[in-house]
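The values are calculated or read from the model by the stated rules, or taken from the named source; none is laboratory data. Bear in mind the structure is a predicted one, so any value in this text is a computation, not a measurement. FYI the Cβ positions are ideal-geometry reconstructions off the backbone, even for glycines, and counts take in every protein chain you see. SASA here: full protein model, heavy atoms, side chains in, ligands and nucleic acids out. Shrake-Rupley method; radii C 1.70, N 1.55, O 1.52, S 1.80 Å.
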Amino acid sequence: MKAYLLSVSFHLLFGACIFFLAVSPGKTLPPGRIDQVFLVAEAPPAPVSPVSVGAPFMAPAGSMNRAPTIKPEKTIEPAPIKPEVSLAEKLASRLGSAAPEVWNPKTVTRPEKPRERSVTST
C-alpha cells in the first residue's frame, strides 16, 4: 500500500509541474527600450564606381608578375593489385581436395549392448 501511495503522490507532483509550466507565462522582456525591426524586401543596390563606358581596361601595375605558376606534380603509378580469388574458385578448390564422406547406415558399427536408460525418480 505504501508503494501505491508513493507512486500516486509522485505522479500528482509531476502532473502539477507540467500544468504549472504550461500555464505560467514565459520569459518577459526586460523593461527598457525596445527597438522595432522592419523587414526589407530586397537589399539596396551597391554603389557604382564612376568609370566611363568607353574607357579602355587598364590592369594595375605589377599584376602580370603575380600570376601563379602551376608546377606539374610527380605522378606515381599505383602498384599492381593481384585479383582476389573468387568465392566460387575457393569453394571448388576446397571441394576438389576433400574426399567426400557419405554416411552409410550399413557400415556404421553399433555397440552390442543397448544403453541403459536412466530413470529419474520424482
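Using R0 = 41 Å, the C-beta based FRET efficiency linking Ala79 and Ala41 works out to 0.10. Computed on protein heavy atoms with a 1.4 Å probe, the accessible areas place Arg33, Arg94 in the order Arg33, Arg94, largest first. Using the alpha-carbon positions of the stretch 1-44, Rg (one decimal) and Dmax (whole number) come out as 22.7, 73 Å.
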